[in-house]
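Structure first, then comments.
The values are calculated or read from the model by the stated rules, or taken from the named source; none is laboratory data. Not measured: the values here are computed from a predicted model. All Cβ positions, even for glycine, are placed from backbone atoms using ideal geometry, and neighbour counts span all protein chains on display. Just so you know, the surface numbers come from the protein's heavy atoms only, side chains and all, with ligands and any DNA or RNA stripped out. Shrake-Rupley method; radii C 1.70, N 1.55, O 1.52, S 1.80 Å.
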Amino acid sequence: MSAAVSRRVTVVTAVHGPSARFLPDAYTSLCAQRLPAGWEWEWVVQEDGTTDEVRPYVPDDARVSFRQGRPGGPGVARTIALSRARGAYVKVLDADDRLTPGALARDLAVLEAHPGVGWTTSRVLDLLPDGTTAGFPGDPDDGPLERGTVLGHWKRNDYRLPVHPATLCVRRELLLALGGWMALPASEDTGLLLALDAVSRGWFSAQDGLLYRKWDGQVTGQAAHVDPAERAARTAVAESRARALAALGWTFPPTPPTPPASAGRPAP
């Protein structure tokens, strides 16, 4: 690392065999990022499994580390990858998605300028199989998201989030304090986002930050993902966790303790 570089952002990617072929596109989008002076990125890629399908697609780059582990889903893969995260901030990049130009720099600018903001998200465009893109109506305004905003919208809109967890960039210590991603078969990133929303202010960037690839093999497109019984269980535990965190009163950054009221005149 150059002596001029003192700060790092860790990009975490969970990958399994079917999505491995998209890793070169994700890497290209990462290499195109231009960070502020004194910053660099590292890419921590974790296979959800121990196959021979992923490694051939991992770039030969000193900034990229690759490990494998027993399968447990993307949340488990991302959480175990945190053991290799050295950055002050952790950015999610799913294996089949692509960052837009400037996405990382915008995340860093917000988190560096606003110590009271724990996490950022950004606008998403669907990347369709024919190469075209499509946006979504109803994004929040550019700027801060107060605590409870995400949970409130999610409850009012049939468990649909106002921001996309695949665009998350979060302070590493806050991510670790919450235990990483939830141990769920799906919606593990929704559960984390709700937990973050319960304890800290967030931020939404109205500029496009991610191209979210739509393809036949993506996990969220499988029948099991919309199974009513499992969906009800996932949403119930994610909501309960968020409400329990909010009820505890712990916030990030922590609220300074109130000094005790004086019990009288100080002793001479």
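Given Tyr57, Thr167, Gly38, which one lies farthest toward the positive end of the charge dipole of the chain, if we put +1 on the Cβ of every Lys and Arg and -1 on the Cβ of every Asp and Glu?
The Cα lying farthest towards the positive end belongs to Gly38.
With the dipole of the chain worked out from charges on the C-beta (+1 for Lys and Arg, -1 for Asp and Glu) around the Cα centre, which of Ala26, Pro228, Trp119 lies farthest toward the positive end?
Trp119
What dipole magnitude, in Debye to the nearest 20, does the chain give about its Cα centre under +1 on Lys/Arg Cβ and -1 on Asp/Glu Cβ?
Working: 29 positive and 30 negative charges, 198 e Å.
That gives a dipole near 960 debye.
Most mobile of Arg63, Arg21, Arg78 per a Gaussian network model of the chain (Cα springs, under 10 Å)?
Highest fluctuation of the listed residues: Arg63.
Using a 1.4 angstrom probe on the protein heavy atoms only, line up Asp96, Asp197 by accessible area, largest first. Kindly include the intermediate steps, with their values, before the conclusion.
Values: Asp96 20, Asp197 0 Å².
The ordering from most to least exposed comes out as Asp96, Asp197.
Given a 1.4 Å probe and the protein chains all in place, what does the accessible area of Thr50 round to, in Å² to the nearest 10?
In the full protein context, Thr50 sits at about 100 Å².
Just to verify a number: what accessible area does His164 come out at with the full protein assembly present, 1.4 Å probe, Å² rounded to tens?
Surface open to solvent at His164 totals about 50 Å².
Using just the helices of the chain, give the 222 nm mean residue ellipticity in deg cm²/dmol: DSSP H runs with n ≥ 4 each add -39,500 (n - 2.57), and the total is spread over all residues, rounded to 500.
Numbers: 7 runs with 75 residues, N = 268.
So the calculated ellipticity at 222 nm is -8500 deg cm²/dmol.
Could you order Cys31, Cys169 so the one with the most accessible surface comes first? Probe is 1.4 Å. Working shown, then result.
On the way: Cys31 45, Cys169 0 Å².
Output order, biggest surface exposure first: Cys31, Cys169.
Under 1.5 on a/c is rounded, so check that first for the stretch 90-164, then, if it is not, pick prolate when a/b is larger than b/c and oblate when it is not; a ≥ b ≥ c are the square roots of the alpha carbon gyration tensor eigenvalues.
On the way: a/c = 2.11, a/b = 1.13, b/c = 1.87.
Here the stretch 90-164 falls in the oblate category.
If you roll a 1.4 angstrom probe over the protein chains with everything in place, what fraction of the accessible area of the chain belongs to carbon and sulfur, to the nearest %?
On the way: 7280 of 13130 Å².
C and S fraction of accessible area: 55 percent.
Along the positive direction of the dipole of the chain (beta-carbon charges: Lys, Arg +1; Asp, Glu -1; about the Cα centre), which of Ala77, Gly17, Gly180 reaches farthest?
Of the options given, the answer is Gly180.
In what order, largest first, do Tyr89, Tyr212 sit by accessible area if the probe radius is 1.4 Å?
On the way: Tyr89 10, Tyr212 35 Å².
Listed by decreasing accessible area, they come as Tyr212, Tyr89.
Have a look at the DSSP beta bridges in the chain and tell me what percent are antiparallel, nearest 5.
Values: 13 of 43 bridges.
About 30 percent, rounded to the nearest 5.
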